[in-house]
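Notes follow the structure.
Any read-out appearing in this document is the output of simple, stated calculations on the displayed coordinates, not a laboratory observation. Predicted model, so just to flag it, every value in this text is computed and none were measured. A quick note on method: Cβ atoms are made from the backbone with ideal geometry, for glycine too, and the neighbour counts reach across all protein chains shown.
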Amino acid sequence: MPTTLDDLRGLFALDLTGAVLTCGGCGARTELGAHDLYPDAPALVVRCPACTAVVLRFGTGGGLLRLDLSGTRLLTVTAPDPSAG
Amino acid sequence: MAVVSRGFHGRGRRDRRLPPGQRDIGDGFPVLTAGPTPHTPLDEWDFVVQGQVDGLHRWTWEEFRALPHEPVTVDIHCVTSWSKFDTRWSGVAIDTLLDGVETAAEYVVAFSDGGYTTNLPLADLTEGQGWVVDTYEDEPLAPEHGGPARLLVPHLYFWKSAKWVRGLALTAFDEPGFWETFGYHDYGDPWREQRYAGD
Ligand SMILES: [Zn+2]
């Protein structure tokens, strides 16, 4: 089955806490929940615990959801339905 | 007859210095943190002007310290609504850093240790409007306030005055920075209350 944009819905409906991010700066692989979080800012800033680089930013201001993953090389998360894989 | 803004009538001088929606923080100096405080050793620190320029312009810490410094006393205005009057700094004017730099660029992205960036029109940094400061209230600028050196552009909201600044990238086009991509206003004039995109 080819992958389509519709499949993105499945990704963003998941609980991402257990997702593993590969840092674009140093290559460390870390569970999302084990990162250093800086919520005291206009957006949540998520930094790599190994090198402190920003791997993810998430903001909810102004009626927009903003997600910046430019500091993440790869995001992996277990598919909820084994048959989907 | 001149039109006088009524809101200023009968108020003291300080109120006239307070942009709309701001409050005087007095002796406080809050710190907003989006990451750990960088502690770059001074022998590894440098400041560069790069991008659309005739080659790379670079100063080591010693070279930067040897540049002509000037005292600056200004009011600063944070987007989180505090203002602080008569803050005293010392630093190198951007005019000094750009002296002899050939460029056709109209915009600047200031970049910092820790990955922070902010964008400004080049015209807002020159002609005595912007500095790289290394001294606050006669003391070396503390790391929590952006030391060893930070940008100071007091006529714009203080997020434009990038802490831990390491250089300026001169660009032909406006490239939104760290918070500007997340909803903060592209320009950030406190007197027009340009806090968020669309303000
Ligand atoms: Zn890393």
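Report the charge-dipole magnitude of chain A in Debye, nearest 20, computed about the Cα centre from +1 at each Lys and Arg Cβ and -1 at each Asp and Glu Cβ. Working shown, then result.
On the way: 6 positive and 8 negative charges, 50 e Å.
Dipole magnitude for chain A comes out near 240 debye.
I want the local charge near residue B:48. Using Cβ-Cβ distances under 12 Å, sum +1 for each Lys or Arg and -1 for each Asp or Glu among the other residues. Could you put the intermediate results ahead of the total?
Details: positive: B:58, B:166; negative: B:46, B:63.
Residues near residue B:48 contribute 0 overall.
What is the sum of charges around residue A:38, taking Lys and Arg as +1, Asp and Glu as -1, for the other residues whose C-beta is under 12 Å from the C-beta of residue A:38? Kindly include the intermediate steps, with their values, before the conclusion.
Working: positive: A:47, A:57; negative: A:36, A:40.
Around residue A:38, the surrounding residues sum to 0.
Residue by residue, what Karplus-based ³J(HN,Hα) values in Hz, rounded to whole numbers, does the range B:39-44 have, using 6.51, -1.76 and 1.60 with θ = phi - 60° and x for Gly and Pro?
Karplus values, whole Hz, x for Gly and Pro: 10, 6, x, 4, 7, 10.
So what are chain B's ellipsoid semi-axes, whole angstrom, largest first, if each one is the square root of 5 times an eigenvalue of the alpha-carbon gyration tensor? Could you put the intermediate results ahead of the total?
Details: eigenvalues 159, 76, 56 Å².
Taking √(5λ) for each eigenvalue gives 28, 20, 17 Å, largest first.
I want to check the label-to-label distance for residue B:58 and residue A:16. Put each point 7 Å from Cα in the C-beta direction and report it in nm to one decimal.
3.7
Taking a cut-off of 28 Å, what percent of all Cα-Cα pairs in the protein assembly as shown are separated by more than that? Walk me through the numbers on the way to the answer.
On the way: 18064 of 40186 pairs.
Summing the P(r) of the protein assembly as shown above 28 Å gives 45 percent of all pairs.
Based on the Cα coordinates of the range B:103-184, what is the per residue volume of their convex hull in Å³? Before the final figure, lay out each step's value.
On the way: hull volume 7.7 nm³, N = 82.
Convex hull volume per residue, Cα atoms: 94 Å³.
With a Förster radius of 45 Å, plug the Cβ-Cβ distance of residue B:73 and residue A:51 into 1/(1 + (r/R0)^6) and report the FRET value to the nearest 0.05.
On the way: r = 39 Å, r/R0 = 0.86.
The pair residue B:73/residue A:51 has a calculated efficiency of 0.70.
Residues of the range B:25-63 with backbone nitrogen within less than 20 Å of a virtual label 7 Å along the Cα-to-Cβ line of residue B:88, please, listed as ranges.
B:25-30
Taking Cα centroids, how far is the range B:60-90 from the range A:17-71 in Å?
The two parts, judged by their Cα centres, are 31 Å apart.
Along the range B:65-80, what does the Karplus equation 6.51 cos²θ - 1.76 cosθ + 1.60 (θ = phi - 60°) give for ³J(HN,Hα), rounded to whole Hz, x for Gly and Pro?
Coupling constants for the range B:65-80: 4, 7, 5, x, 9, 9, x, 9, 10, 9, 8, 10, 9, 8, 5, 6 Hz.
Counting alpha carbon pairs within less than 8 Å and at least 6 residues apart, what relative contact order, in whole percent, applies to chain B? Display every interim value, and only then the final one.
Values: 402 pairs, mean separation 44.3, N = 199.
Result for chain B is 22 percent.
Tally Lys/Arg at +1 and Asp/Glu at -1 over every other residue whose Cβ is under 10 Å from the Cβ of residue B:156; what's the total? Write down the numbers at each step before the final one.
Working: positive: B:160; negative: B:124, B:189.
For residues surrounding residue B:156, the net value is -1.
Rounded, prolate or oblate: which fits the range A:5-77, taking a ≥ b ≥ c as square roots of the Cα gyration tensor eigenvalues, rounded meaning a/c under 1.5, else prolate when a/b beats b/c?
Working: a/c = 1.84, a/b = 1.12, b/c = 1.65.
Oblate, since a/c reaches 1.5 and b/c is not below a/b.
List the residues whose amide H sits under 5 Å from the amide H of residue B:57, counting only those 5 or more places along or on another chain, with H placed 1.01 Å from N in the peptide plane.
It is B:49, by chain and number.
Rounded to the nearest 20 debye, what is the charge dipole size of the protein assembly as shown about its Cα centre when +1 sits on each Lys and Arg Cβ and -1 on each Asp and Glu Cβ? Mind dumping the intermediate values first?
On the way: 23 positive and 39 negative charges, 187 e Å.
I would put it at about 900 debye.
Positive end of the charge dipole of chain A (Lys, Arg +1 and Asp, Glu -1 on Cβ, about the Cα centre): tell me which of A:63, A:74, A:12 has its Cα farthest that way.
Final value for the positive-end residue is A:74.
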